[in-house]
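Novice: Take this structure first; my questions come after.
Each reported figure results from applying straightforward, stated rules to the coordinates on display, with no laboratory input. Just so it is clear, the structure is predicted and the values come from calculations on it, not from any experiment. Because the Cβ atoms are built from the backbone with ideal geometry, glycine has one as well, and the counts that use them run over all protein chains shown.
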Amino acid sequence: MDGGTRQRGHHRARRRRAARAWLTIAALGLGEGVWSATPAAPETASTHSGAADTGSLERRIAELEALVARLRAEVEELRAAGAGAAPVPVTPVTIEELEKRIEALALEIERLRIGEAAAPPPAKERVPGFGPAASKIYGAKHGVAIGGYGEMLYQNFDSHADDGSPSASIDTADLERAVFYFGYKWTDHLLFNSEIEFEHAVAAPDAPGEVAVEFAYLDDRVSRGFGVRGGLLPVPMGFLNELHEPPVFHGARRPEVEQVILPSTWRENGLGVYGDAGPLSYRVYLVTSLDAKGFSADLGVREGRQEGAEALARDLALTARLDAQPAAGTLFGASVFSGGTGQGDPAIGRARLTLWDAHAEWSGHGVHLRAVLARAVLGDAEAVSRAIDPSGATAIGSRTRGWYGEAAWNVLSLFGNGDRELGPFVRYEALDTQAGVPAGFARDPANDRSVWTYGMRWRPIPDVAIKLDLQDFRNRAGTGVDQINLALGYLF
């Protein structure tokens, strides 16, 4: 065979390789269009549908990987065949263009892999005790799920208190929280879920921030009616201790009642059961109890939370919650926490705390109403008070109480604007961390307080909220300081 014949054969081979590469990409593009446009088969059962969807995704990724491998092999053959020879314009696709398309396909494979973890879960059923982002792993088919939320807050304080004295409060702008949920699902019913929170932007010895695990637990959801959870668990009381993702609640700040009387965010190490039974949902956990040495006159039991960090477990507590949803948009229920708080300190003894709340909400026609009533009784409050302050100047409340009512209206509901919301709201709350004190101790009138909050929440989409409100703080000592708040919140 002469040189010219060999050269023509060489060129024909290059043409065939280039044509094969071009046809592979063309077939891939057609296949992508057919695959993405094919409607999903109707679901007959959630587990079968999930398995089918998972299998389809895995097959799609395998097909893409096989095609990428074939294209790379074709490009290598073209490079080898073209070494030292003059270029032959046999196809509109050059080697450089082929490599760009291969890179795009590799990115598509990565997107599909990550997308399975990051895509929002289908809202097919309620998940007792968790908000939209926190419950993301429950909607995943298998593997990893990632979610989160965050909120930024600007607070502008009045220069004077109610009694006319200087307030000494300085305006602040703060990245209050950046929170990430990480979950992993092994089977249809066995999973791990966690929340990692970064507070106040910087965690360092000379900075106000901290990093904390808000919850981390294993969950075996045997059926809709029964599941078992164990690990660091949120205590199921009130509304915001479990549902505190910023777009979900009104107000730039969480209600005082759900920060002080019900000390959100509150979590303890423990184990328990939960589930749904028709319109009812329940949660019952055995957890490490509070540590009374952290109690105070103004913040009540808030600083007694152990947060799962080398928690003292001499005293345990039982916490339970029961909710009823008789109709869409309607919920009412109650919850309780009861346990000793001495944690082995002989000066305190057991000092049992029993804390309970009743809660209800209704949503419909753009209107949202919510109310919470909370009460607590602390046994042997005198021993607790003297253990904390032997001088007797500090009285830990033997009884604490608080309640609030809230009303909001989505103005855009009049115009049928879908998921968007522009909602004015008003909230009134009253609380007292010294509603009762031991004999011989005095109450501080500043701890008997009330708050009016007037505000607006704008949600361009359900997962993003901008909130502006005015808070009028009052107490019996006349030292309340009013403030204006602006917040940006999101979840994903």
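Novice: Calculate one ³J(HN,Hα) per residue across the range 454-463 by plugging θ = phi - 60° into the Karplus curve 6.51 cos²θ - 1.76 cosθ + 1.60, and present them in order as whole Hz with x for glycine and proline.
Specialist: Result, rounded to whole Hz: 10, x, 9, 10, 10, 10, x, 9, x, 8.
Novice: Another question, if that's okay. Find how many whole Å separate the alpha carbon centroid of the range 282-349 from the alpha carbon centroid of the range 214-251.
Specialist: Value for the Cα centre distance between the two parts: 14 Å.
Novice: For the range 301-363, with only Lys/Arg (+1) and Asp/Glu (-1) charged at the beta-carbon, what is the dipole magnitude about the Cα centre, in debye rounded to 20?
Specialist: 180 debye
Novice: Work the Kirkwood hydrodynamic radius out for the range 216-285: mean of 1/r over every pair of different alpha-carbon atoms, inverted, in Å.
Specialist: With all distinct Cα pairs of the range 216-285 included, I get 13.3 Å.
Novice: Quick check for you: which residues of the range 228-255 have the amide N under 20 Å from the point 7 Å beyond the Cα of His189 toward its beta carbon?
Specialist: Under 20 Å, as judged by backbone N against the label point of His189, lie 228-231 of the range 228-255.
Novice: Right, something else. List Tyr154, Tyr404, Tyr490 from most exposed to least, where exposure is judged by having the fewest other Cβ atoms within 10 Å.
Specialist: Fewest-to-most Cβ neighbours within 10 Å comes out as Tyr154, Tyr490, Tyr404.
Novice: I've got another one for you. Quote to one decimal, in nm, the extra length available between Glu361 and Ala324 on full extension: 0.36 nm per residue of separation minus the C-alpha distance between them.
Specialist: My answer for the length gained is 12.2 nm.
Novice: Can you run phi through the Karplus equation (6.51, -1.76, 1.60; θ = phi - 60°) for the range 135-143 and list ³J(HN,Hα) in whole Hz, with x for Gly and Pro?
Specialist: 9, 4, 5, 5, x, 6, 7, 5, x
Novice: Using modelled backbone amide H atoms (1.01 Å from N, in-plane), which distant-in-sequence or interchain residues come within less than 5 Å of Gly148's amide H?
Specialist: Tyr181, Phe492
Novice: With the contact rule set at Cα under 8 Å and sequence spacing of 6 or more, what percent relative contact order holds for the range 160-270?
Specialist: 17 percent
Novice: Same structure again: Among residues other than Lys467 whose Cβ falls under 10 Å from its Cβ, what is the net charge (Lys/Arg +1, Asp/Glu -1)?
Specialist: Neighbourhood net charge equals +1.
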